[in-house]
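Trainee: Take a look at this one; I'll ask things after.
Every number here is computed from the coordinates shown, using simple stated rules; none is lab data. The structure displayed is predicted, hence computed values, not measured ones.
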Amino acid sequence: MADIPKAPIARIIKDTGAERVSEDAKVELAEALEEIARNIAIKANEAAKLAKRKTIKAEDIKFAVNELNL
């Protein structure tokens, strides 16, 4: 099960115009978002290491998002 709280997930879905959101829809979106975030973090960590840094910066996240075409 996903670690992202369900309330913000439901808000994201409702912001798109949905009136109601099922529990399983919240779980599915949370799991998908966690997978995407994990992939971004991996790519950002690679960028930081290439720059010989231990700290991941916003620029690494932006780079990762662009590299992953998100």
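Trainee: Kindly write out, for region 14-30 in residue order, the coupling ³J(HN,Hα) from the Karplus curve 6.51 cos²θ - 1.76 cosθ + 1.60 (θ = phi - 60°), rounded to whole Hz, with x marking Gly and Pro.
Mentor: Per residue, the Karplus-derived 3J(HN,Hα) values read 5, 4, 7, x, 5, 7, 9, 9, 6, 4, 5, 5, 4, 5, 4, 5, 4 Hz.
Trainee: Expected output is a single nm value to one decimal: the length gained when fully extending between ASN45 and ALA58, i.e. 0.36 nm times separation in residues minus the C-alpha distance. What is it?
Mentor: That pair, ASN45 and ALA58, stretches by 3.6 nm at full extension.
Trainee: Across the chain, how large is the tail of the calculated P(r) beyond 17 Å, expressed as a percent of all Cα pairs?
Mentor: When all Cα pairs of the chain are counted, 52 percent exceed 17 Å.
Trainee: Below 21 Å, Cα to Cα, which lysines can LYS14 reach? Residues fewer than 8 away in the same chain don't count.
Mentor: LYS6, LYS26
Trainee: Read phi for every residue in region 54-67 and hand back ³J(HN,Hα) as whole Hz from Karplus 6.51 cos²θ - 1.76 cosθ + 1.60, θ = phi - 60°, with x for Gly and Pro.
Mentor: 8, 9, 7, 10, 4, 4, 5, 5, 4, 4, 4, 4, 5, 4
Trainee: Which of the lysines could a cross-linker span from LYS52 if the Cα-Cα distance has to be under 22 Å and same-chain partners fewer than 8 positions apart are dropped?
Mentor: LYS43, LYS62
Trainee: Check the straight Cα-Cα distances from LYS57 and name the aspartates and glutamates below 14 Å, setting aside those fewer than 8 residues away within the same chain.
Mentor: Partners found: GLU46.
Trainee: Using just the helices of the chain, give the 222 nm mean residue ellipticity in deg cm²/dmol: DSSP H runs with n ≥ 4 each add -39,500 (n - 2.57), and the total is spread over all residues, rounded to 500.
Mentor: That comes out to -22000 deg cm²/dmol.
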